[in-house]
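The values are calculated or read from the model by the stated rules, or taken from the named source; none is laboratory data. Keep in mind the model is a prediction, meaning the values are calculated, not measured. Here Cβ is always computed from backbone atoms with ideal geometry, including for glycine, and neighbour counts include all displayed protein chains.
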Protein chains: 2
Amino acid sequence: MNLLLLTPEQHLGNDRWLLSDRQANHVLKVLKLIEGDQVRAGIFQGGMGIAHIESINNNRIEVLFKVEHQSPSPLGLSVLLALPRPKMLKRILIDATSLGIKQIVLINSWKVDKSYWQTPNLKAELLHEKMLLGLEQARDTTLPTLTLAPRFRPFVEDELDGWAGNSQRILAHPGNYPVMPHSLTGPVTLAIGPEGGWTDYEIEMLGKQGFQCHSFGSRILRVETALPALVGRLMQLP
Amino acid sequence: MNLLLLTPEQHLGNDRWLLSDRQANHVLKVLKLIEGDQVRAGIFQGGMGIAHIESINNNRIEVLFKVEHQSPSPLGLSVLLALPRPKMLKRILIDATSLGIKQIVLINSWKVDKSYWQTPNLKAELLHEKMLLGLEQARDTTLPTLTLAPRFRPFVEDELDGWAGNSQRILAHPGNYPVMPHSLTGPVTLAIGPEGGWTDYEIEMLGKQGFQCHSFGSRILRVETALPALVGRLMQLP
């Protein structure tokens, strides 16, 4: 937790804010701060600054905070991601959020196990919670927009073009394709397939929406390794 | 498991090899192969090819295999990594290996918790096992060389220069530094600090060994996110 992310219900009035139990625990047990100390904070979906620890009464901590600057620039990259294995989804959402990705679609694919769509991990509040962890990690306040697309074809045919807007559309796919571009500033939309890859039909459907295949080395990477590696390659991180 | 990694004790003579229990399980339960099917295989620290499933008797599977080509090119990147949290170390080793990194030093740093050096995860056979998973993932056969450096200064002063050889030496560090290079083919040595970063003293010591600071965006990434992102940025993946 590199940032105290403050939400409206924590606002006590004027510049006074009450830390959540989890935040208070972190301030006391990990950061080991005392009254008078400072710690970085930001308002959820808002600006950032320094919180001054005003009072500590057992686990109740009040801070003084006001916005001093904006949250960091978003990454100019959106991700169309075949729904990962449930145990990996949480970690991928933290990573994607900490890297500054602000638009994520989780989409079905032929090689996505049907059971993945039934997992309790897909509950909105759990996904939300993981993205909050990514914001706290990277010191950001702006939550990504997350869309679930449990049917591949309707989403790709009817919604993908509008969602991807005027972005450069890139598909990482093994084969004899142009090498992956680098140091882009965006907007870029990146499609990442499931373990085992997109099917030929899916590649063709994405191709019709302007997604062009690029090669990214010959090694087979897990999705959770490929995502940050592709982001590091494609984008000039702000 | 995208590759059956065969070791000498599995060799039955001529082109015949016996799968391990774990491999047999994977072939039967995940790949659902039968006699006559084919699957990619490679000899540990050796060449690669296709294994033909010769016989299945309960969980005992014999395959015919001979080397047809070399293992994939290594990545021209070595990593000097501050020892990560134990639960992350396993994952980082899998990632680093699957990305093709062949030289890893795990080093102490001021901000590495002393207890990390006492963890059972540092047992050689466990580290070895995680790197094998990385090889199976990426279809590679060549194990990275892993060195433990529990004392920062003696390693950096006496051994680092020889270990890093004629490589370009790069340090990812937040601040007003030149932007991180990209698409290198190597040799490169990359130093990645602990959560919280290297101390000024450590930066200075690494600087004396030719490590130059480069910035990689303003976001604070977890080490397990930063490693693949930096590899994707720095290297032209073969």
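Only a single item in (1) closer than 24 Å to residue A:101 by Cα; (2) crowded, with 18+ Cβ neighbours inside 10 Å is not met by residue B:182, and it is number (2).
One line per residue, one yes/no per condition, for (1) surrounded by 16 or more Cβ atoms within 10 Å (Cβ to Cβ); (2) touching a Leu at 6+ places or on another chain (Cβ under 7 Å); (3) at pLDDT below 95:
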{"position": "B:121", "(1), (2), (3)": "yes, yes, yes"}
{"position": "B:133", "(1), (2), (3)": "yes, no, no"}
{"position": "B:154", "(1), (2), (3)": "no, no, no"}
{"position": "B:161", "(1), (2), (3)": "no, no, no"}
{"position": "B:201", "(1), (2), (3)": "no, no, no"}
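I'd like the full set of residues that are under 16 Å from residue B:102 (Cβ atoms) and touching a strand residue (DSSP E or B) at 6+ places or on another chain (Cβ under 7 Å), limited to region B:137-167. B:139, B:141, B:144, B:145, B:146, B:147, B:163, B:164, B:167, listed by residue number. Spot the failing condition for residue B:22; the list is (1) free of Cβ contacts under 8 Å to residues at least 24 places away in the same chain; (2) more than 18 Å from residue B:135 (Cα to Cα), and only one is missed. Condition (2) is where residue B:22 drops out.
Taking residue B:32, is it under 19 Å from residue A:225 (Cβ atoms) and charged (D, E, K, R)? Let's see the steps before the verdict.
Values: under 19 Å from residue A:225 (Cβ atoms): no; charged (D, E, K, R): yes.
No; evaluated as a whole, the condition is false for this residue.
For the criterion of being in contact with a Phe, Trp or Tyr (Cβ under 8 Å, 6 or more places away or on another chain) and among the acidic types (Asp, Glu), residue A:37 fails.
What number of residues in region A:102-126 are part of a helix (DSSP H, G or I), small (Gly, Ala, Ser) and closer than 24 Å to residue A:211 by Cβ?
Quick first cut of region A:102-126, residues part of a helix (DSSP H, G or I) only: A:114-118, A:120-122, A:124-126.
The next check asks that each one be small (Gly, Ala, Ser); those that pass are A:115, A:124.
Restricting the remaining residues to those that are closer than 24 Å to residue A:211 by Cβ gives none.
Of the residues in region A:102-126, 0 are part of a helix (DSSP H, G or I), small (Gly, Ala, Ser) and closer than 24 Å to residue A:211 by Cβ.
When only residues in region A:34-48 that are buried (at least 16 other Cβ atoms within 10 Å of the Cβ) and free of Cβ contacts under 8 Å to residues at least 60 places away in the same chain count, which is farthest from the chain's Cα centre (by Cα)? Only one residue fits best here, namely A:39. The helices (runs of 4 or more DSSP H) found wholly in region A:127-238 and carrying at least 1 residues that are within 25 Å of residue B:214 (Cβ to Cβ) and facing chain B (nearest Cβ under 10 Å) occupy A:223-234.
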